[in-house]
Amino acid sequence: MRHAGRAIVEAGRMWLRPPEKNLALIKSVKGEETIHQALDNNRGIILATPHLGNWELSGSYVSTRYPLTIMYRPSRMKGLDRLIHNGRETSGGRYVPADTSGVRAQLKALKDGEMIGILPDQVPSEGGVLAPFFGLPAVSMNLLSNLARKTNAVVIFCVAERLPWARGYRLHFLPPDEAITTADMEESVARVNAQVEQCIRMHPDQYLWTYKRFKHTEPGFYER
């Protein structure tokens, strides 16, 4: 719960301060060579950032260095929406609506060999695939897998680890799992969830556990 509170406070700082001040809090970056390798091979990249650590900082870091397209669902509060949208775009990222036009924009970006950003642990509002998540069945998004399989994109998970005593952050880019791109849909989604689990196991206290990840599953599953 302490880390959940920190995530709320950090978000405002990410949106209100200049990007260079936020990026100065990053003390080290691990695994960024996986991005360079994919781009050198003319492959698009899906940057997957779970609700772990400071995911806003992950997007800011990447968008200052690479072309990045992210789908964005506007807030119902217009003032807050302007704050979030303007704060995020100051880093250089391109934000598109979370609808069919946004999906088309992401497809185009991947086909052009660019990068898109997705939160891979979101519960889809419709559709999805039932896949294991920490040993329990959970309705999981298939958008990431669909985009990867259609465009031969590389899926790279990123975590902005929160260092103790407000000492800053450490960015981790994980080695990609090519099966997410090449396997059938059910296996691909299961692999995505496995990668999310791997990220969470790195720093389980920094995951946003208040997010209702299991709110959709088969009827009666939680009845004992």
Under 5 Å from the placed amide H of Leu130, counting only residues 5+ away or on other chains, we find Ser140
For the range 1-158 the mean separation of alpha carbon contacts under 8 Å (6+ apart) over residue count, i.e. relative contact order in percent, is 31 percent
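Rounded, prolate or oblate for the range 108-222? Axes are the square roots of the Cα gyration tensor eigenvalues, ordered a ≥ b ≥ c, and the cut-off for rounded is a/c under 1.5. Intermediate values should be presented prior to the final figure.
Values: a/c = 1.98, a/b = 1.06, b/c = 1.87.
Oblate, because a/c is 1.5 or more while a/b does not exceed b/c.
Could you compute the net charge surrounding Leu47? Neighbours are other residues with a C-beta less than 12 Å from the C-beta of Leu47; K and R count +1, D and E count -1. Write out the running numbers ahead of the final one.
Values: positive: Arg65; negative: Glu32, Glu114.
Around Leu47, the charge tally is -1.
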Residues meeting the amide H criterion for Asp177 (H placed from the backbone, H to H distance under 5 Å, 5 or more places apart or on another chain) are Val155
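Which peptide among 150-160, 187-197 comes first, and what is the full order, when sorted by highest mean count of other Cβ atoms within 10 Å? Before the final figure, lay out the partial values.
Working: 150-160: 23.2, 187-197: 20.9.
Order by mean packing, descending: 150-160, 187-197.
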Once Arg201 and Thr182 are pulled to full extension, the length gained, defined as 0.36 nm per residue separation minus their Cα-Cα distance, is 4.3 nm
Each label sits 7 Å from Cα toward the beta-carbon; between Phe214 and Asn41 the label points are separated, in nm, by 3.6 nm
Note, Phe134: beta-carbon cut-off 10 Å, +1 each Lys/Arg, -1 each Asp/Glu, net +1
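Would you mind ranking Glu186, Glu56, Glu161 by Cβ crowding within 10 Å, fewest neighbours first?
Details: Glu186 13, Glu56 22, Glu161 19.
In order of increasing Cβ crowding within 10 Å: Glu186, Glu161, Glu56.
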Residues meeting the amide H criterion for Tyr72 (H placed from the backbone, H to H distance under 5 Å, 5 or more places apart or on another chain) are Val96, Ala98
Karplus-derived 3J(HN,Hα) from phi for the range 168-182 (6.51 cos²θ - 1.76 cosθ + 1.60, θ = phi - 60°), whole Hz, x at Gly and Pro, runs x, 9, 10, 8, 10, 9, 7, x, x, 9, 5, 5, 4, 8, 9
Once phi for every residue in the range 136-151 is put through the Karplus expression 6.51 cos²θ - 1.76 cosθ + 1.60 (θ = phi - 60°), the whole-Hz ³J(HN,Hα) values, with Gly and Pro written as x, are 10, x, 9, 5, 10, 5, 10, 4, 4, 5, 4, 5, 5, 6, 6, 10
The ³J(HN,Hα) series, computed from each phi in the range 62-72 with the Karplus coefficients 6.51, -1.76 and 1.60 at θ = phi - 60°, rounded to the nearest Hz and given as x for glycine or proline, is 5, 5, 7, 10, 9, x, 10, 10, 10, 6, 9
Excluding residues fewer than 8 positions from Lys150 in its own chain, the aspartates and glutamates with Cα under 17 Å of it are Asp112, Glu114, Asp177, Glu178, Asp184, Glu186, Glu187
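Residues with beta-carbon under 15 Å from that of Ser28, excluding Ser28: net charge, scoring Lys, Arg +1 and Asp, Glu -1? Walk me through the numbers on the way to the answer.
Working: positive: Lys27, Lys30, Arg162, Arg167, Arg170; negative: Glu32, Glu33, Glu161.
Residues near Ser28 contribute +2 overall.
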Rounded to the nearest 5, the percent of DSSP beta bridges in the chain running antiparallel is 35 percent
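We did not get these values from a lab; they are worked out from the coordinates using the rules stated. All values reported here derive from a predicted model rather than from experimental measurement. Note that we place each Cβ from the backbone using ideal geometry, even for glycine, and neighbour counts take in every protein chain shown.
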